[in-house]
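Colleague: Sharing a structure, written as structure tokens. Questions coming.
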Amino acid sequence: METKRVEESERDEEEKEDEEQMEEWDDWQSEEESSSRCLCLFCPSRFGSADILFDHCRSEHSFDFHHIVRELGLDFYGSFKLINYVRSQFYCLSCLPCVSSFSLFAAQGGASKVIAVEASSKMAAVATKIARDNGLLSEDNMEGEEQHSGVINVVQCMVEEIDKYIYIPPNSVDVLVSEWMGYCLLYESMLSSVLYARDRWLKPDGAILPDTATLLFQLHYEFQSFDLATMKIDEMDFTVIFELKLRTDPANDATSRTCPCYGIVLWFDTGFTNRFCKEMPAMLSTSPYTPRTHWSQTILTFREPITMTSSDAFVSSTAAIGTEGSPAVRIRSRISIARSSGHRSIDISLEISGISSDDRKHSWPVQIFNL
């Protein structure tokens, strides 16, 4: 009897917590001007209240928000952090089935045959469904179904294994399209697979899109460029040497200023140039000065901040270079990027030396970033 009362008490406390939680969400919801501003965490559906939204997430997506909040003991702020985390993860996942978009664009653009290669079984299923729903799925994918005159053939495999599933005559493909880029351009990228497909199936005068890629760092300095129409796979391993200097203000160049430098920011641009896109060339940039993308930028942080100056001001001969007493006027840098033994991973080594205005130099230990 005592055990039953304890269980009922715990159940009452959980129901009370749920009611209090819902009151907090209702307070949050009442601040919204629109009655349909509650966007689902997993799909485009919108709802008029938080309780309807969370009921939808539990029934349609097997995500019991209130149960997780209780299990983790999250307060209202912690609950918001959980929602932001889920949204960020789903945002990245929603970018994965690019093969679906590319296939539809190609088919609608007039391609007589589209081969959509997708390694993930789940994403291949999504691509197949989208092609079928749009009446574009090829007969090769329509076993036991009503036949359609679609042009899209979805093949679930790595591109290196495609010969096991279908036959593509060598050098018979007119256009090769792939969203292969990863963080820092090369991390988890499929560039090696794209080059394999290019050498195996693309016609000598065929188009590869995008056809250029450039890795850049602070102030838009070009770090490394790739021509996808001609590059070799070994070019994915490279070393670049450069110097960082504090930018001066031309309108006030007489003023000496110092500031800490925390690291090096890398990003990339990919080009759809007029070589293959004569009517409408375009550039996809992940620069911090352009609209945000899910790639963002890659930051290689120094072991410690390095104080820099833009002038030849007096420095202490006893102070360590890179400090307030002896700021560096430039940072000599050497970055090497190489393919790792891990699948689609890269290793980045960073070597830096601070040089003061009196030409003294201090080098920091080499840093290795395993991505």
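Colleague: Could you work out how far apart the two model spin labels at T230 and N84 are, taking each label as a point 7 Å from the Cα in the direction of the beta carbon, and quote it in nm?
Modeller: 4.7
Colleague: Measure off 7 Å from each Cα along the Cα-to-Cβ vector at K164 and R292, then give the distance between these two points in nanometres to one decimal.
Modeller: My value for the distance between the label points is 4.0 nm.
Colleague: Which of K113/K164; K122/K278; K164/K232 have a Cα-Cα distance over 27 Å?
Modeller: Working: K113/K164 19 Å; K122/K278 36 Å; K164/K232 25 Å.
Those over the limit are K122/K278.
Colleague: If you roll a 1.4 angstrom probe over the protein chains with everything in place, what fraction of the accessible area of region 174-370 belongs to carbon and sulfur, to the nearest %? Intermediate results must be reported in sequence, preceding the final value.
Modeller: Values: 5380 of 10350 Å².
Ligands and nucleic acids excluded, carbon and sulfur reach 52 percent.
Colleague: Which log10 I(q)/I(0) values, to two decimals, does region 38-84 give at q = 0.16, 0.23 Å⁻¹ under the Debye formula with one point per Cα?
Modeller: -0.41, -0.83
Colleague: Would you work out which of C261, T323, T273 lies farthest towards the positive end of the dipole of region 252-363? Charges go on Cβ: Lys and Arg +1, Asp and Glu -1.
Modeller: Farthest towards the positive pole: T273.
Colleague: Still on this structure: If you roll a 1.4 Å probe over the heavy atoms of the protein chains, what accessible area per residue do you get for region 174-370, in Å²?
Modeller: Normalised by residue count, the accessible surface of region 174-370 is 53 Å².
Colleague: Quick one: in region 174-370, what % of C-alpha pairs are over 31 Å apart?
Modeller: Value for region 174-370: 31 percent of Cα pairs lie more than 31 Å apart.
Colleague: Calculate, in nm to one decimal, what T239 and V366 gain on full extension: separation in residues at 0.36 nm each, minus their alpha carbon distance.
Modeller: Extra length available between T239 and V366 comes to 44.3 nm.
Colleague: Once both labels are modelled 7 Å past Cα along the beta-carbon direction, what's the R247-E304 spacing in nm?
Modeller: Here the answer is 2.8 nm between the modelled labels.
Colleague: Once fully extended, how much extra length lies between I52 and T318, figured as 0.36 nm per residue of separation less the alpha-carbon to alpha-carbon distance?
Modeller: Full extension from I52 to T318 adds 89.1 nm.
Colleague: If amide H atoms are built 1.01 Å from N in the plane of the peptide, which residues on other chains or at least 5 residues away come under 5 Å of the amide H of L41?
Modeller: none
Colleague: Right, next: Would you tally the net charge around K203, using a Cβ to Cβ cut-off of less than 14 Å, leaving K203 out, and scoring K and R as +1, D and E as -1?
Modeller: Neighbour charge sum, excluding K203 itself: 0.
Colleague: Run the numbers for C157 and K113: contour at 0.36 nm per residue of separation, minus the present Cα-Cα distance, in nm.
Modeller: The span from C157 to K113 would gain 14.0 nm if fully extended.
Colleague: Could you tell me the largest-minus-smallest coordinate of the C-alpha atoms of region 292-353 on each of the three principal axes, in descending order and whole angstroms?
Modeller: 50, 30, 16 Å, listed from the longest principal axis down.
The values are calculated or read from the model by the stated rules, or taken from the named source; none is laboratory data. Here the structure is a predicted model, which means the values were calculated and not measured. Cβ coordinates were reconstructed from backbone atoms using ideal geometry, including for glycine residues, and neighbour counts include every protein chain displayed. Just so you know, the surface numbers come from the protein's heavy atoms only, side chains and all, with ligands and any DNA or RNA stripped out. Shrake-Rupley method; radii C 1.70, N 1.55, O 1.52, S 1.80 Å.
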